[in-house]
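For reference, the structure discussed in these notes is given below.
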Amino acid sequence: MVRETGLRQGAISVRIAQLAVVDRVLIAVTRRTPHQTEAALRATFDTVHDLRLEGQPRR
């Protein structure tokens with residue numbers, strides 16, 4: 001079994017905090033620009049839709 005050191009736990013905590021900040025910013029932008037957000041999500045979906053491997057379930 002590998003033990004996490006205090007330094008490693010701190011690094012993980014910082015990453016989680018950074019992701020929380022990015023998530024909140026993304027939500028704020030989404031709420032202020034719903035039409036542009038929807039268009040960007042649709043464009044992303046359309047772009048990657050055909051790249052999905054055959055036989056993979058849709059999530």
Restricting attention to segment 36-51, which residues are among the charged types (D, E, K, R) and closer than 16 Å to L26 by Cβ? E38
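Checking the structure you have, find out if any residue of segment 8-15 is in a helix (DSSP H, G or I), modelled with pLDDT of 95 or more and of a type in the set (A, V, I, L, M, F, W, C). Step through it out loud before you land on a result.
Looking only at segment 8-15, we keep the residues that are in a helix (DSSP H, G or I), and these are 8-15.
Among the residues that remain, those that are also modelled with pLDDT of 95 or more are: none.
No, there is no match, as no residue in segment 8-15 is in a helix (DSSP H, G or I), modelled with pLDDT of 95 or more and of a type in the set (A, V, I, L, M, F, W, C).
The values are calculated or read from the model by the stated rules, or taken from the named source; none is laboratory data. What you see is a predicted model; the values in this text were computed from it and never measured. Here the Cβ is made from the backbone with ideal geometry for all residues, glycine too, and neighbour counts use every protein chain on show.
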